[in-house]
1. What translational diffusion coefficient, to the nearest whole µm²/s, does the chain have by Stokes-Einstein, given a Kirkwood radius computed over alpha-carbon pairs, a temperature of 25 °C and 0.890 mPa s viscosity?
2. Could you derive backbone 3J(HN,Hα) for segment 82-95 from the dihedral phi with the Karplus parameters 6.51, -1.76 and 1.60 (θ = phi - 60°), listing whole Hz in sequence and x where the residue is Gly or Pro?
3. Could you do me a favour and compute the accessible area per residue for the chain, 1.4 Å probe, result in Å²?
4. How large, in percent, is the carbon and sulfur part of the accessible surface of the chain at a probe radius of 1.4 Å?
5. State to the nearest 20 debye the size of the charge dipole of the chain about its Cα centre, where the only charges are +1 on K and R beta carbons and -1 on D and E beta carbons.
6. Once amide H atoms are built 1.01 Å from N in the peptide plane, which residues 5 or more positions from Y74, or in another chain, come under 5 Å H to H?
7. Taking a 22 Å limit on the Cα-Cα distance, which of the listed pairs K7/K75; K12/K99; K60/K87; K83/K110; K7/K110; K12/K110 fall beyond it?
8. For segment 47-76, which trypsin sites (Lys or Arg not before Pro) pass both filters: DSSP loop (anything but H, G, I, E, B) and at most 14 other C-beta atoms within 10 Å?
Amino acid sequence: MGQFIEKYRVEKIDAPEMLRLAFDIRHRVFVDEQGVPAEEELDEFESIARHFLAFDEGGKAIGTARWRKTDAGYKLERFAVLKEYRKMGIGGILVETVKNDVLRHDPEAKMYLHAQV
């Protein structure tokens, strides 16, 4: 079961169809809105990263994020929220959920965040 905060919930991705929803959100945000080349958006870490989806109260996927272990620690990355759902605290819910998942995995984890403007 996912983490519920107000009317939104975040779940760890555990099925291919959920991962496709995450990739669609990332494509819309990073490629369509921000102009990131489509061939650069997906990377070689997709299969080793732990992915998450945020849902609205109606069950629509509205945001995504992932984390993965690197030589420098645990990298929190690929945070994306659909444009019409921004400024509602969903990014914060994703950060907290991802961070808490890393800490469950490794209570002494050193984390860092990758972001772009």
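The values are calculated or read from the model by the stated rules, or taken from the named source; none is laboratory data. Values in this document were obtained by computation on a predicted structure and should not be read as measured data. Backbone-built Cβ (ideal geometry, glycine too); neighbour counts: all protein chains shown. All accessible areas refer to the heavy atoms of the entire protein, side chains included, with ligands and DNA or RNA removed. Shrake-Rupley method; radii C 1.70, N 1.55, O 1.52, S 1.80 Å.
1. Details: Rh = 14.4 Å.
Diffusion coefficient, whole number: 171 µm²/s.
2. Values, residue by residue: 4, 3, 6, 10, 6, 6, 10, x, 5, x, x, 5, 4, 4 Hz.
3. Values: 6890 Å² over 117 residues.
Result: 59 Å² per residue.
4. Values: 3610 of 6890 Å².
Ligands and nucleic acids excluded, carbon and sulfur give 52 percent.
5. Values: 19 positive and 22 negative charges, 77 e Å.
Once rounded to the nearest 20, the dipole reads 360 debye.
6. K110, M111, Y112
7. Values: K7/K75 27 Å; K12/K99 12 Å; K60/K87 17 Å; K83/K110 30 Å; K7/K110 30 Å; K12/K110 20 Å.
Among K7/K75; K12/K99; K60/K87; K83/K110; K7/K110; K12/K110, the Cα-Cα distance tops 22 Å for K7/K75; K83/K110; K7/K110.
8. Working: sites: R50, K60, R66, R68, K69, K75; in loops: K60.
Loop-located and lightly packed - K60.
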